[in-house]
Amino acid sequence: MSEAVQTLEGWYALHDFRSIDWQSWKASPPELREQAMEELEQFLRQCAQAGEAKTGSTAFYSIVGQKADIVFMHLRETLDELNELEANFQKTAFADFTIPAYSYVSVVELSSYMAKPGTNPMEDPEIVARLKPQLPQSRHICFYPMNKKRDGQDNWYMEPMERRREMMRNHGLIGRSYAGRVKQIITGSVGFDDWEWGVTLFSDDPLVFKKLVYEMRFDEASARYGEFGGFYVGNLLDKPKLDRLFTV
Ligand code: VOV
């Protein structure tokens, strides 16, 4: 049996994608829409408080295309808190105008392929910060789930540790060449959701997503072993954009 890589886990993650029921939104009286927006903004303020208290982080983006209209990405200490957040949102008047489109449950993960031997990673503030990250306010988000293949000769899980380490080293080198232009949050979802990892990328330039993902397609870890689910891409929903989006 190949040796399983040790992983470090941080905050739990929920990606909550919603579509807007535009027909109901347009047909509802202005007071109800106003109330719904107020309750959404209150929910977002509560989410922001977790960021200020460093007990979690939430990102809120609109989604381009028909897969969904908005996404909340929540990071929290426990699955219970994620459940509470879901319920708190459902209780808002705004949620009545949304239709669940997709969700993804995972946990922020770092694997130890690149770990320095003989050190305790949890004593490294940089590692702790990566396990419990504050989500950036970048202009764009890109999310997709992925697997490492188990198919005949192309079985990631049958590769010896040293081979996998080498491939992850090359993967990391490509990633590092995008430093400062993109932030990646890799969340593990084995046992939690339908794919093995969630990949969430943040950047101010959406073309960086395309170029990075494309370049990685030629790298062995992705070229031979990567399997990918649907891609969701979107734009930061700040207050002016939120108001514009829902004004009818
Ligand atoms: C944007 C930059 C970037 C950088 C710097 C980077 C670096 C690294 C390092 C150093 C490591 C290994 C240690 C760790 O930190 O876990 C990883 C790990 C991982 N990655 Fe990565 N990755 C990036 C970006 C990045 C992207 C864009 C993707 C999607 C791949 C694609 O083809 O679409 C990805 C995937 C992953 C996955 C699924 C894992 C876990 C694999 C496992 O078997 O455990 N990743 N990644």
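Out of G234, G175, G65, any idea which swings most in a Gaussian network model of the chain, alpha carbons joined below 10 Å? Result: G65 has the largest fluctuation of those listed.
Think of the chain as a dipole: +1 on every Lys or Arg Cβ, -1 on every Asp or Glu Cβ, centred on the Cα centre; then among A13, L135, Y225, Y225 lies furthest on the positive end.
Given a cut-off of 18 Å, name the pairs among K132/K183; K54/K132; K26/K239 whose C-alpha atoms lie farther apart than that in the structure shown. Please list the in-between numbers first.
On the way: K132/K183 14 Å; K54/K132 8 Å; K26/K239 20 Å.
In this structure, K26/K239 exceed 18 Å between Cα atoms.
Computed over the chain with a Gaussian network model linking Cα atoms closer than 10 Å, the most mobile of P125, P145, P117 is P117. Of K210, K149, K183, the residue with the greatest mean-square motion in the GNM of the chain, using alpha carbon springs below 10 Å, is K210.
Once you reduce region 1-62 and region 78-107 to the center of their Cα atoms, the two points are 7 Å from each other.
How large is the charge dipole for region 89-230, taken about the Cα centre, if only the Cβ atoms of Lys, Arg (+1) and Asp, Glu (-1) carry charge, to the nearest 20 debye? Please list the in-between numbers first.
Values: 19 positive and 19 negative charges, 61 e Å.
Value, rounded to 20: 300 debye.
Can you tally the net charge around Q90? Count Lys and Arg as +1, Asp and Glu as -1, for every other residue whose Cβ sits under 13 Å from the Cβ of Q90. Can you show the working numbers first?
Values: positive: R18, K91; negative: D16, E39, E84, E86, D96.
Computed value for this residue: -3.
Mean sequence separation of contacting Cα pairs (under 8 Å, at least six apart), scaled by the length of the chain, corresponds to a relative contact order of 27 percent. Counted by Cβ distance under 9 Å from V5, the other residues give a net charge of +1, where Lys and Arg count +1 and Asp and Glu count -1.
Counting only protein heavy atoms and using a 1.4 Å probe, what share of the accessible area of region 166-236 belongs to carbon plus sulfur, as a whole percent? Mind dumping the intermediate values first?
Working: 2030 of 3720 Å².
Solvent-exposed carbon and sulfur of region 166-236 make up 54 percent of the total.
Spin-label pair N155-T7: with each label point 7 Å from Cα along the Cα-Cβ axis, the two points sit 2.0 nm from one another.
Per residue, how much accessible area does the chain show when a 1.4 Å probe rolls over the protein heavy atoms, in square angstrom? Show your work: numbers first, answer last.
Values: 13540 Å² over 248 residues.
In whole numbers, the chain has 55 Å² accessible per residue.
Counting protein heavy atoms only, region 1-134 has 51 percent of its accessible area on carbon and sulfur, 1.4 angstrom probe.
The values are calculated or read from the model by the stated rules, or taken from the named source; none is laboratory data. Worth saying up front: this structure is predicted, and the values here are computed from it rather than measured. Methodologically, a virtual Cβ is constructed for each residue, glycine included, from the backbone with ideal geometry; neighbour enumeration extends over all protein chains shown. Heavy atoms of the whole protein, side chains included, go into the accessibility calculation; ligands, DNA and RNA do not. Shrake-Rupley method; radii C 1.70, N 1.55, O 1.52, S 1.80 Å.
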